[in-house]
Each structure stands twice: as C-alpha cells, then as structure tokens.
Amino acid sequence: MTYRMIQVGTGGRGGTWCSQILPPVVEDGRIEPVAAVDVDADALTNATEHLGLDESDCYTDVEEAFATHPEADFCTVVVPPWAHEDVVDAAIEHDLHVLSEKPIADTLEASVRIAEKVDRAGLKMGVTMSHRFDRDKTTLRRQIESEEHGPLDYLSARFTCAKRQYGSWGAFRHDMADPLLIEGGVHQLDFLADMAGERCATLYADTWQPEWAEYDGDCQALVELRMENGRRIQWEGAKANAVTLNCWGEDYVRAECRDATLVLDARELESFPYKGDDVHVSEGEGTQIPLDEQESWSDVWLVEQFVDWLDGGPEMATNVEDNLQSVALVEAAMRSSRNGEVVDVQDLLAETRQSVQIGE
C-alpha cells in the first residue's frame with residue numbers, strides 16, 4: 001500500500017529529509033508526498049525540487065496543510081524539539097499517524113504528554129533514532145545478540161571531538177545549557193542501552209565545561225549506566241578536546257563478552273577471542289568482522305520500518321512509548337550531574353508520568 005504523507009519541516013534537517021531520506025521510499029512506491037509545511041516559505045523549495053510537490057501544496061501553517069489534505073495518512077515532524085508537541089497535537093486532531101525526528105520533545109514532561117496523547121488517540125508514532133540503525137552499530141548489536149562471543153559483560157564507548165571554538169558545532173549548540181547530552185548523548189546513550197539489551201536501572205553522570213571551551217553549558221561528560229539485567233555501560237563524551245578521535249558517525253564502542261572483546265572504531269569492527277590469561281594484543285590486530293549488508297540503513301531504514309508498521313507489520317523498535325527510555329536517559333544524566341547523585345531512571349520516568357496531566 002502507498003501511504004500519503006505531509007512533510008512538516010523542509011529547512012535545515014528537513015531539507016535532508018526532502019533530498020535524501022524520503023526519495024528512496026517514494027521511488028519504491030511506499031509513500032506519496034501530498035503536502036509540505038515550513039514557517040520559512042523559502043525553505044519549501046526543498047519540497048518542490050526534491051519531492052515533486054506543486055507550490056500550491058506547500059504551506060507555512062500546519063493546520064491549513066492538514067485541513068486541506070484530509071487524504072493524508074501520516075505526517076513527519078522535522079522541526080525544533082520545542083515545537084514537536086504542537087505539531088503532534090494538530091496531527092492527532094486530523095487523525096494522522098506521526099514519524100518524528102529525535103527527540104520526542106524538548107523535555108521529558110512534554111515527551112510523556114505526547115506519548116500519552118498518541119496512545120489515547122489510537123495512532124502510531126515512531127521516532128527516528130538514526131544512529132541506532134547505522135550499519136556499523138547494527139552489525140555490532142547483532143553480534144552481541146547472537147551470543148556467538150558469549151554473554152555480554154559491559155560496554156565502553158567514547159564520542160570525543162575537537163570542536164571547542166564558537167560555532168564549530170553549530171552556533172546554537174554553543175549557547176545551550178547542556179549541548180553535549182541533548183545533542184550528542186541522545187543518540188549515544190540510546191544505541192548503547194539498546195546494545196545492552198535492557199532498560200537502564202540507574203545512571204550517574206558528571207558533566208563540565210573546561211575554561212578553554214567556548215560553550216555556555218557543559219560540553220564534556222563521563223556517564224555510567226547500570227542496566228536492569230546487570231550489564232554496565234560507561235560513556236565518555238567530549239566536544240572540547242585537543243583532537244578528534246571518534247566524533248559524529250565514527251563512534252568507538254568496546255563490547256566485553258565472555259569469549260571475546262569486540263571493538264568498533266570508526267566504522268570498522270574486529271574481534272579478539274579469549275586465548276588464555278596474560279595474552280597481550282593491540283587494537284587493529286584482531287579479526288575483522290565484515291559489516292552487515294542490506295538495502296537501507298539509518299533514516300531510510302527507519303522510514304521503511306514505520307511504513308511496515310502502518311501496513312500491519314511489527315511495531316518499530318523506536319515507537320514513541322519505548323523511546324521515552326531514551327529521553328529519560330538524557331534527563332537522568334542532566335539531573336545526576338546537577339545533583340551529584342545516582343538517578344533511578346525508571347523511578348524518574350514513573351514520577352514524570354504521575355506529574356503530567358492530560359486533559360480528556
């Protein structure tokens with residue numbers, strides 16, 4: 001079946017959706033763009049040029065677009081996080097399913113409200129956690145899940161970059177209170193928790209801003225997670241180091257399993273089998289594990305998963321309810337760093353659910 005969609009947000013990241021993410025799925029005949037919305041009329045050229053929409057089907061007002069196109073089945077949400085809830089509210093009013101960019105919203109409270117409202121409306125909403133579905137990290141996750149290397153003990157990861165000067169990581173991030181956790185940790189903590197195969201029980205974070213970093217908020221972090229299955233994760237994140245080791249898309253993850261150490265470094269994966277005590281090796285001297293092959297990865301794959309779900313297939317892993325775990329990890333890390341205490345992630349989420357009131 002072909003599903004008709006309205007693209008909400010066509011500038012910036014929305015432009016990437018128009019030019020790169022949606023076209024392969026449109027070409028496969030699985031989705032048909034029927035309208036596009038952006039508050040900046042100039043940005044709508046991305047929709048006309050790349051999605052083949054007429055100017056008459058491009059709008060600067062979400063309500064007008066939704067009301068004019070009752071034939072639409074779903075909408076995307078590719079606007080700033082603080083605007084997500086308003087778009088989702090409008091989508092619910094017009095009985096539209098939703099596929100949204102991460103995060104669900106700009107706060108845990110708003111994210112919980114969105115998930116509750118979507119559930120009450122009986123609609124489907126997915127979140128595009130693209131890094132979790134990268135080719136390299138998917139390959140590592142499948143290797144861990146197979147238990148070919150024995151059960152997983154713990155994960156260690158780093159995301160370290162030399163982007164200390166103002167504007168080097170996008171000017172708006174240098175003006176944020178918690179840029180590393182909100183803009184980087186949301187992906188990193190998500191895919192690490194997914195690899196560990198269980199919800200996070202407790203989290204401790206220490207974040208800071210070195211004097212040489214041109215940021216208004218904390219841009220360095222050390223985070224420790226303990227999962228409900230007993231597995232541990234340690235994550236190092238930094239945007240103000242002297243050199244980039246593993247920045248955006250070139251993550252370092254070490255999975256310590258019973259029978260082997262697996263090392264993912266800049267999209268290359270290798271295995272170091274256990275050969276007895278006191279055996280010393282260096283990274284780069286292991287056995288290369290080829291990355292998995294398939295037609296689509298990352299965002300394109302996620303759009304396909306969402307359409308499969310609409311078709312009656314399996315619920316996508318990053319559905320809005322399950323993705324609350326990702327938002328809770330970021331909120332827990334910020335709270336832990338502010339308070340200097342370990343945070344019970346599931347208690348935090350439960351307390352937020354209780355505090356949020358949804359009108360009938």
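The values are calculated or read from the model by the stated rules, or taken from the named source; none is laboratory data. Predicted model, so just to flag it, every value in this text is computed and none were measured. Here the Cβ positions follow ideal geometry from the backbone for every residue, glycine too, while neighbour counts run over all protein chains shown. Just the protein is used for accessible areas: all its heavy atoms, side chains included, with ligands, DNA and RNA removed. Shrake-Rupley method; radii C 1.70, N 1.55, O 1.52, S 1.80 Å.
Highest GNM mean-square fluctuation among Asp73, Asp347, Asp57, for the chain modelled with Cα contacts below 10 Å: Asp347. Among the lysines of the chain, pairs at least eight places apart or on separate chains and with Cα atoms under 22 Å apart come to 6. With the convex hull drawn around the C-alpha atoms of the stretch 249-360, the volume per residue stands at 207 Å³. Highest mobility in the GNM of the chain, judged by mean-square fluctuation with C-alpha springs under 10 Å and restricted to Ala41, Ala333, Ala110, is found for Ala41.
Here's the picture: charge each Lys and Arg Cβ at +1 and each Asp and Glu Cβ at -1 in the chain, and of Asn246, Phe66, Leu51 the one pushed furthest to the positive end of that dipole is Asn246.
Grab the alpha carbons of the stretch 110-210, take their convex hull, and tell me the volume per residue in Å³. Walk me through the numbers on the way to the answer.
Values: hull volume 17.2 nm³, N = 101.
Hull volume over Cα atoms, normalised by residue count, gives 170 Å³.
Simple spin-label estimate for Glu315 and Glu93 gives 2.8 nm between the two label positions (7 Å along the Cα-to-Cβ direction from each Cα).
From its DSSP helices (H runs of at least four residues, each -39,500 (n - 2.57)), the chain gives a residue-normalised ellipticity at 222 nm of -9500 deg cm²/dmol. Sequentially through the stretch 154-160, phi angles give Karplus couplings (6.51, -1.76, 1.60; θ = phi - 60°) of 8, 10, 10, 9, 9, 9, 10 Hz, Gly and Pro residues having no value and appearing as x.
For Ala67 and Asp277 in the same chain, what is the full-extension length gain: residue separation times 0.36 nm, less their Cα-Cα distance, in nm? Walk me through the numbers on the way to the answer.
Working: separation 210, 0.36 × 210 = 75.60 nm, distance 6.78 nm.
Once the chain is fully extended between Ala67 and Asp277, it gains 68.8 nm.
Can you tell me the mean projection area, over all orientations, of the convex hull of the stretch 44-173's alpha carbons? Units nm², please. Please list the in-between numbers first.
On the way: hull surface 48.9 nm².
Mean orientational projected area (the stretch 44-173, Cα hull): 12.2 nm².
Rolling a 1.4 Å probe over the protein heavy atoms gives the stretch 282-360 an accessible area of 51 Å² per residue.
Taking N as the number of residues in the chain, what is its alpha-carbon radius of gyration divided by 2.2 N^0.38 Å? Write down the numbers at each step before the final one.
Working: Rg = 21.0 Å, N = 360, 2.2 N^0.38 = 20.6 Å.
Output field value: 1.02.
The stretch 285-346 and the stretch 158-223 have Cα centres lying 17 Å from one another.
Solvent-accessible area of the chain (1.4 angstrom probe, protein heavy atoms only): carbon and sulfur portion equals 44 percent.
Cα convex hull of the stretch 175-323: mean projected area in nm², to one decimal? Write out the running numbers ahead of the final one.
Working: hull surface 48.2 nm².
It is 12.1 nm².
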